[in-house]
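The values are calculated or read from the model by the stated rules, or taken from the named source; none is laboratory data. No experiment lies behind these values; they were computed from the predicted model shown. Cβ: placed from backbone, ideal geometry, glycine included. Neighbour counts: every protein chain shown.
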Amino acid sequence: MPEQNTTLNSSSIKEPEVNAIQKPDTLIKKSNNNKKIIILIIAIVVLLPICAAVGYTGWTFLQLGRAAIGQAGNFPILTGDNTLPTGFPKTIPLTSDAILMMKADDSNKTTGKVLINISYQTKQSTKDIQDLYDSALFDEGWYEDQPNDKSGNITYLYYKKGSEKLMVIINASSALSLVNLTYQK
């Protein structure tokens, strides 16, 4: 049997051809790009509905904040689609410069219970707002349900008339006051 030459010549060894996709550093780059694309797609799919919902809600509040306000007697009324909920008593005033920010009617027609929340902004002071509610509501037979409470810039007013209750929360700042009304019957 003839002897085989086991000595390898470096020129006789050919490095196998490797295309760019098979090189390890290129594989890592390609893998990272795929991860980035997948994360981007997931982010779009998840965030798009959230952004749409927030945008719609923000637009709704923006539209409510631009409510046109007219005067009916001593009480402002909101015109157009920004009217107060039907079950909200017309004898409960808003300030003359009220800008409606939010309204919610959580009344239950089955039980007849009424729960209405309204928020608005005004440039009037806490004292002026409290005087308005004391004067208008006491004239209509409402009384102070419990002592008023003040905590920092926030004042709580509680009124009652028969089965009706009204809580007025005034959050005052230097430029504007935010007034929240919660009416129950």
Take residue 67 and tell me if it is modelled with pLDDT under 85 and either surrounded by 15 or more Cβ atoms within 10 Å (Cβ to Cβ) or in a strand (DSSP E or B) (or both).
yes
Consider only pairs whose beta carbons are under 6 Å apart and that are at least six residues apart or on different chains; among these, list those whose first residue lies in the stretch 151-177 and is of a type in the set (D, E, K, R) and whose second residue is assigned to a loop (DSSP other than H, G, I, E, B) and crowded, with 16+ Cβ neighbours inside 10 Å.
161/142; 164/185
If a residue must be β-branched (Val, Ile, Thr) and either closer than 13 Å to residue 182 by Cα or in contact with a Pro (Cβ under 6 Å, 6 or more places away or on another chain) (or both), how many such residues does the stretch 88-125 contain?
4
What number of residues within the stretch 126-136 satisfy the criterion of being aliphatic (A, V, I, L, M) and either out of contact with any Pro (no Cβ under 8 Å at 6 or more places or on another chain) or not assigned by TED's automatic domain parsing to the domain that holds residue 93 (or both)?
1
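Residue-by-condition table, conditions (1) out of contact with any helix residue (DSSP H, G or I) (no Cβ under 7 Å at 6 or more places or on another chain); (2) in a strand (DSSP E or B):
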{"site": "97", "(1), (2)": "yes, no"}
{"site": "129", "(1), (2)": "yes, no"}
{"site": "165", "(1), (2)": "yes, yes"}
{"site": "168", "(1), (2)": "no, yes"}
What are the residues in the stretch 99-127 that are assigned to a strand (DSSP E or B) and among the hydrophobic types (A, V, I, L, M, F, W, C), if any?
99, 100, 101, 102, 104, 115, 116, 118
